[in-house]
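Each value in this text was obtained by applying a stated rule to the coordinates, not by laboratory testing. Every value quoted in this text rests on a predicted model; they were computed, and no experiment measured them. Neighbour counts are summed over all protein chains in view; Cβ atoms, including those assigned to glycine, are modelled from backbone coordinates with ideal geometry.
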Amino acid sequence: MDIIQILQDSYHVMIKDMIEFKRNRFEVAGLIAFPLIFLLLFGFIFPSGNTHENVQMGLVNLDQGAGSNEFITQMETMNKQLATTKNSSYMSFNNYSSVDAAKTAINKGTINGAFVIPPGFSSNVTSGQPGNVIVIVDNSNPTVAGTIEQVSSSTIGGLNGISANTNVLKLGSEANQQINPQAIIAPYVQNIETTIPGESNYFNFLAPGLIVMIGMMYIMNGVPETISKEKEKGTFDGMLSAPIHHISIILGKTMGLTIRGVVQCLFVLIFAVLLFGVTVQGNLLLVFFMIILGIFSFIGIGIMAVSLAEDQATAAMIMDFIMFPMIFLAGVIFPVQQMPWFMQDISKVIPLTYAGDAMRKIMLLNANVADVSTDIIILLAFGVITMLIALPLFRRGMKD
Amino acid sequence: MTENAIEMENLTKKFGDFTAVDKLSLNIKKGKIFGFLGPNGAGKSTTIRMLCTLSNPTSGSAKIAGYDLIKDPSKVRENIGLVAEKMIMYDTLTAAENLRFFGKLYRIPKQKLEDRIDEMLELVNMQEWKHTQIDKFSTGMKQRINVIRALLPEPEIIFMDEPTLGLDPQTTYSIRDITREINRSGVTVILTTHAMIEAEVLSDRVAIIDHGKIAALDTPQNLKKLIAESDVSIFGAEITNLTPKLIEKINSLDVVDAVAQQDDHNLKISANGTEALNQIIDIIRHEDGNIASITKSNETTLEDVFLAVTGKEIRDQATGKAASTPHMDGEAPKSRIR
């Protein structure tokens, strides 16, 4: 069969599909709404940075001495310093008379944790013994418990610093020496620098992967949908009984889907930049190329599913089965480094991992083609191999 | 070129254990209207799908317009048009857009295609609907567009699978007129139908298919003559207190080939031998059946032929002996659902 003829026929199929798409208002609306919903959802579920506010804490002071009062005053001062805005505070303190009362409040959910200053705290501190502070956490909610542990350790650490500072100064003046207390207390200081200018935020991490992921979902849902719809309506017989190569049908349909998929990816990119402050450091043409390559690598899987399934419901089920692990294991939403080793291994065989990785490098780190060449080769190979398996399956599946 | 539009040789299609088409051998002459008649599941549609290259035969071969079905499927496709049971049209496209899309797949040159679209729309009197979306059309209008879509590339052979199924009488007549007109212009028409009268008034030759095999094959006139000259008689019986049990009793008689219930009171009975009528009346009376009338028509219809040949009536309430075969009334095997 003549290649030009196949391309011409697939062009007609694509145009036909595009007219059908254009006339379907829901599909057109979905093309724009879907990326926006995704960005909003993921953007707000996973907050950027440590922006905890008003963590409700109980305070049980069983000591009531000068030492404990000083401790509390300093803690409140620190609390205000840690606050992100003027009117808010990092923690809110509620006083309780006993440990049991505080525990009850934790169980009721009115507070997330409690500081307990045991009796004898003041005398311990003045007599040079360690002043123990007990932190009670609600470990039924590991995330909040973890946060409180962090909060309290940084609070205690800060307080230790303040009192060490005072003590060192005092010792220094007693010994009549000029000392820089920081050089003694904390001689090592870390300065964090980023490869990306500006503040790091979760959207910067999320957006590049999300762009290819939404493209993937569009293609993998779209291929079975567009073919099964025609099979079930009977219009497929019209194309199959026409003197065209069957490959033109699937080619035309995937061309139309790819164009729509790329448009949808561009919407994600535009929304991410305009609404969520994502900055693109890299070359936009390279970004565009990666979007197309990413989508290309998923087409084969889509065609395979539709060739193996008898109807749209089965095809959709197969797709979900393939897509869900990809969404969660490809490191688009959660960093791969967070996962246990076996899941990290799975993520290595998922094309979305490489597409997302390359996108992130290009968009955020201004990587060039050479930097992402491994990703490009893997995606190309994956796309070509799945396509080579899928096309014969498709041709065989067309006849009953 | 051969005289035959279609030559089938031992054409067979199996779905698992189920044989849908069983060694069908048949020649169809050019320029004729050929009708396939048969109950649901008899293998009519499967045969058509094989001849249209939509389904691969399990064994056997066929030549369509002189081209081998297996070796030269794309040549076959160039020469055929298909009016399938499900309409081949996109609802959100206009009539012209639909016709244009399919026309392009047949590589009709641009200007010729536009002329042909207008010509075809004129044939079915639908010029003013050219730019209207299909989903605004009535079923009848859709079917007219569906038929001209198949005619667009000027095929030698057109396959029409139940072209009047579910249409109102007026559209049915107009589709039949169009079919005759197509045929007059030299196109061979292969028709499957559930409507006896359609096969009778349209077809030059009719094949009655049952269990994937040809049960009878001739002109409608000769088929009717066959019944008239045999000792098979078709009786109509009106029984006011008709019960399933009574039908079963009649059916169990040796002289009775088949019984078909037509409505609450009327039966059609196919029987043979001179003693048949007496025996039938005896059994009805014995079962306390109240006979309102017994008729024996002198003019055989194709429906009578069908009843005598297949042992069942074409309508779905068939109660003939053969109808007890499970695959007949039940759903078709899964793999056949498209």
Using Cα positions and a limit of under 19 Å, work out the lysines in reach of B:Lys110, with same-chain residues fewer than 8 apart set aside. A:Lys16, B:Lys130
Calculate the FRET efficiency for B:His131 and B:Lys86 from the Cβ-Cβ distance with a Förster distance of 25 Å, rounded to the nearest 0.05. 0.55
Using Cα springs under 10 Å in a Gaussian network model of chain B, which residue among B:Leu151, B:Leu242, B:Leu51 shows the largest mean-square fluctuation? B:Leu242
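Tell me what chain B gives for mean residue ellipticity at 222 nm when only DSSP H runs of n ≥ 4 count, each as -39,500 (n - 2.57), the sum divided by the residue total, rounded to 500 deg cm²/dmol.
For chain B, the value works out to -10000 deg cm²/dmol.
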Any idea which of A:Leu380, A:Trp341, A:Ile318 is furthest toward the positive side of the dipole for the stretch A:309-400, if Lys and Arg beta-carbons carry +1 and Asp and Glu beta-carbons -1? A:Leu380
Extending each Cα 7 Å along its Cβ direction at A:Gln8 and B:Gln170, get the distance between those two points in nm, one decimal. 4.2 nm
What list of ³J(HN,Hα) couplings, whole Hz, do you get for the stretch B:128-144 from phi and the Karplus terms 6.51, -1.76, 1.60, once you set θ to phi - 60° and write x for glycine and proline? 6, 9, 3, 9, 9, 5, 4, 5, 8, 8, 6, 4, x, 5, 4, 5, 5
Residue among A:Phe324, A:Phe121, A:Phe38 with the largest mean-square fluctuation in a Gaussian network model of chain A, springs linking Cα atoms under 10 Å: A:Phe121
Label points 7 Å out from Cα along the Cβ direction at A:Asn107 and B:Arg180: separation in nm? 9.3 nm
Which aspartates and glutamates, on any chain, are close to A:Lys170 with Cα under 18 Å apart, when same-chain ones fewer than 8 places away are left out? A:Glu70
Selection from B:Gly186, B:Met8, B:Tyr106 lying farthest towards where the dipole of chain B points positive, charges on Cβ: B:Tyr106
Helix-only [θ] at 222 nm, chain A, -39500 (n - 2.57) per DSSP H run of 4+, per residue, nearest 500, equals -23000 deg cm²/dmol
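With the Cα gyration tensor of the stretch A:146-226 in hand, give its eigenvalues times 5 under a square root as the equivalent ellipsoid semi-axes, listed largest first in whole angstrom.
On the way: eigenvalues 589, 48, 8 Å².
Working from the Cα gyration tensor, I get semi-axes of 54, 15, 6 Å.
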Compare A:Met75, A:Met18, A:Met290 in a GNM of chain A, Cα atoms joined below 10 Å, and give the one with the largest fluctuation. A:Met75
Taking a crude spin-label model, label points 7 Å out from Cα along the C-beta direction, the A:Arg395 to B:His265 distance in nm is 6.4 nm
In the structure shown, do any of B:Lys86/B:Lys142; B:Lys23/B:Lys224; A:Lys233/B:Lys136; A:Lys229/B:Lys13 have a Cα-Cα gap over 20 Å, and if so which? B:Lys23/B:Lys224; A:Lys229/B:Lys13
In nm, what is the difference between 0.36 nm times the number of residues separating A:Leu36 and A:Ile134 and their Cα-Cα distance? 30.7 nm
For chain B, what does the convex hull of the Cα positions come to per residue, in cubic angstrom? 146 Å³
